[in-house]
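One structure is given below, encoded as structure tokens.
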Amino acid sequence: MNLHKDSGDSIEPCKHMESMLNRTADGTAPKAMRWFAVYHAAHCSRCGIFLDRVTSLVGHLHDLKANDGSHPLDEGLSPERWEAVEAGWAEVEK
């Protein structure tokens, strides 16, 4: 049974696995869920690629945060510019 179409470079996981794979990658999955997700990913190439890439992304994000706790863009914007950006975000979120 084919659960999804082959679309080239896509890394779309099986629809019923996406949440489990994401929770496994970010470390929030309970032990049984994590075991099932890893087992499935070992036997499904799409889900395996998805889990590898999301786990890598989560690791990179943790590394960025761990470097000094600041966002990489903090260095490039003045305090005044950050204030303007945050004001814009606040306006959009209303």
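Identify, by number, the condition in (1) in a helix (DSSP H, G or I); (2) modelled with pLDDT under 90; (3) over 18 Å from the mean Cα position of the chain (by Cα) that Phe36 doesn't meet.
Every listed condition holds for Phe36 apart from (2).
Being outside any helix (DSSP H, G or I) and either modelled with pLDDT of 95 or more or within 21 Å of the chain's Cα centre (by Cα) (or both): is that true of Thr55 here?
It is false that Thr55 is outside any helix (DSSP H, G or I) and either modelled with pLDDT of 95 or more or within 21 Å of the chain's Cα centre (by Cα) (or both).
The values are calculated or read from the model by the stated rules, or taken from the named source; none is laboratory data. This one's a predicted model, so the numbers in the text were calculated from it and none came from an experiment.
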